[in-house]
Amino acid sequence: MEIGRSSFLRDLAIGGLLHDVGKVVQRAGGLSGSHMEIGGNWLEEDVGDFWGNYAWAAYYHHTSDRVSLKLENLDKPEKSLAAAIIAHADNLSASEREDITGDWNKDIPLRNIFDRVKLKDFPTKGEGEETFFPVAPLDEKVGAIYPEQKLKTGYSKEFNYTAIEEGLKNHLESKKKKLEEEEHIEGWLLRVLERYTAFVPSDTSTGKGRFPDISLYDHLRTTAMIAVCLGDVVMENERDLLGTNKPMYTYKELEKRLTKGKPFLLVEGAIRGIQSYIYDIGSKKALQGLRARSFYLELLQERIVFEILNELELPRTQVLYVGGGRFILILPNIELVKDKLREYRIELNKRFFNNEEARLSMELLWEPFSWHELKESKLNKVFERIGRKREISKTRPMLDILENVLGSRNDSDTGASCNICGRRVVELSPLEEDDNEVQVCSQCKSLIALGKRVVGKTKYVYFRKDNSNLKLFDFNVEVTGKVESVPHDADMVLVLRDHHSDLKKEDGRFIGMPYAGYAWDNEIEKVINDGALGAKKLGALRMDVDNLGKIFREGFV
């Protein structure tokens, strides 16, 4: 039977996300036995229906002789390749051998990784206290969860795995029918797992001062991420493995073949020109202009990530990081992906340039890396390589569209200047109907209108499928405060606040976007206009963390 790419990658993404769900169930019930068997039984018997179809990923993701259920015991031969890939992905995500030993304590909490930051050039004074996160779900009503110090008689908060399991089961049951037809369900599952496993340790091994500092959520999503990459590489380059029904043979062949090359692609994207775009504005309506442009850039980065994954037909599991005008994806290192990335970079920069926003451009770089670099925790070397590419790219920002840039007309001497951004355009219009003093270009007018629409009770910002061609530069995206008001033809919905409160009603189109929630009123403008002495100027405080890149490259020991 021919295996389709989309269904195969979907199996790998969902299987990777659910493979270790037994750890939550086991800890909640204090159950003895293997988390593989417990997780598989839970998916089949307690949740069932659609999710029960992925019990094989929970049952058979280990190969060690020490476990009761091994990959070689797989009872679904048609899942041999997918199960073997997830077994490898699980091992690569954990970056550890399966023969690891230690004491296991189900009540051990998640260590705060920032306690571990040490830099050679910045010696710390003494050792700080270790801090830990309580096992608790993300809940906007409760507020932020902060790490606490370990107490002499135990940990500072009661463990609540039972609530974690019940909440997870409740959400999966709410979505367990007819999911085969629902698009991007992997993205919805990611958000559910984030809510319930972000503060759950991925393992509970202790000893010699060791405390787990990787959450189960991060282990699950990176396992799925790696599995999708390996699966796509197999689909492209090792198609003879698609028909195998011997899981251990497939497992060994995968390692034998894929360790010789570089199956992974680190993709780094960054919007160039952010500072000049945000701050290159006039004094008229300066605060509103700053807030609108800041929000727009946050929306823009999410839309670009969505477009890339949509174009490549890859799930949301491939997003490692997105924020601050930058994103990092882990993608399969195949020609299809690299060709489409090149095409997208050219097309996107043309869209920036042609939409009179030449101050912005897109830097999109990628660097292949090997199985061994991932296994041996040498990704810092990969980031160093892509960093060198970035330095070269900065000197040639419009290389892909030079013919557009060099052949463009200069209309700077025509039209009038926008009172906000200063650009000269053919036509201006009043920002407000009853105020002719502030004359603005259509782009600034639309931006400020967008900024005003995302305050108050607005929770969702969405794009419709039928106008997806406008994508980045039509600021008249639609907003609503209720999930029931999001139309069926919306292809992407950004959740601005209370990111986990309506998960049961949402689906795979919804993407959590924690954005800077600005108050949209005129009080500061009133102070400047009516209460300020001297020149009417607005001051801005900007803060940055020194050596942040250095901390992430080499600070965690």
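The values are calculated or read from the model by the stated rules, or taken from the named source; none is laboratory data. Being a predicted model, the structure only gives us computed values, none of them experimental. Glycine gets a Cβ as well: all are built from the backbone with ideal geometry, and neighbour counts include every protein chain shown. Only protein heavy atoms, including side chains, enter the accessible area calculation; ligands, DNA and RNA are left aside. Shrake-Rupley method; radii C 1.70, N 1.55, O 1.52, S 1.80 Å.
Considering only the stretch 251-258, I want to know if a residue exists there that is surrounded by fewer than 19 Cβ atoms within 10 Å (Cβ to Cβ) and not in a helix (DSSP H, G or I).
no
What tally of residues in the stretch 358-376 results from selecting those that are in a loop (DSSP other than H, G, I, E, B) and buried (at least 18 other Cβ atoms within 10 Å of the Cβ)?
Here the count works out to 2.
Which residue is modelled with the highest pLDDT, if the candidates are limited to the stretch 157-181 and must be in a loop (DSSP other than H, G, I, E, B) and farther than 18 Å from P109 by Cβ?
Looking at the filtered set, the residue picked out is S174.
Within the stretch 46-59, does at least one residue satisfy the condition of being hydroxyl-bearing (S, T, Y), under 27 Å from the mean Cα position of the chain (by Cα) and at pLDDT 95 or above?
Among the residues of the stretch 46-59, at least one is hydroxyl-bearing (S, T, Y), under 27 Å from the mean Cα position of the chain (by Cα) and at pLDDT 95 or above, which makes the answer yes.
Under 6 Å between Cβ atoms, which residue pairs at least 6 apart in sequence (or on different chains) link something in the stretch 417-441 that is small (G, A, S) with a partner that is open to solvent by less than 40 Å² (accessible area, probe 1.4 Å)?
G422/G282
Could you check the stretch 318-342 and list, in sequence order, the residues that are part of a strand (DSSP E or B) and on the phi > 0 side of the Ramachandran plot?
The one that is part of a strand (DSSP E or B) and on the phi > 0 side of the Ramachandran plot: G323.
Quick check on my filter: what residues within the stretch 456-487 are modelled with pLDDT under 90 and open to solvent by 40 Å² or more (accessible area, probe 1.4 Å)?
G456, K457, R464, K465, D466, N467, N469, L470, K471, D474, N476, E478
State which residue is farthest from the chain's Cα centre (by Cα) when the search covers only the stretch 326-340 and only residues that are open to solvent by 10 Å² or more (accessible area, probe 1.4 Å) and under 26 Å from R293 (Cβ atoms).
So, considering only residues that are open to solvent by 10 Å² or more (accessible area, probe 1.4 Å) and under 26 Å from R293 (Cβ atoms), the one farthest from the chain's Cα centre (by Cα) is R326.
Could you please let me know if G48 is at positive phi and open to solvent by 20 Å² or more (accessible area, probe 1.4 Å)?
Considered against the rule, which asks whether it is at positive phi and open to solvent by 20 Å² or more (accessible area, probe 1.4 Å), G48 comes out as no.
Of the residues D218, D213, which is open to solvent by 10 Å² or more (accessible area, probe 1.4 Å), closer than 18 Å to D115 by Cβ and in a helix (DSSP H, G or I)?
When all the criteria are applied, what remains is D218.
Among the residues of the stretch 252-306, what is the count of those that are at pLDDT below 90 and among the basic types (K, R)?
So the answer is 5.
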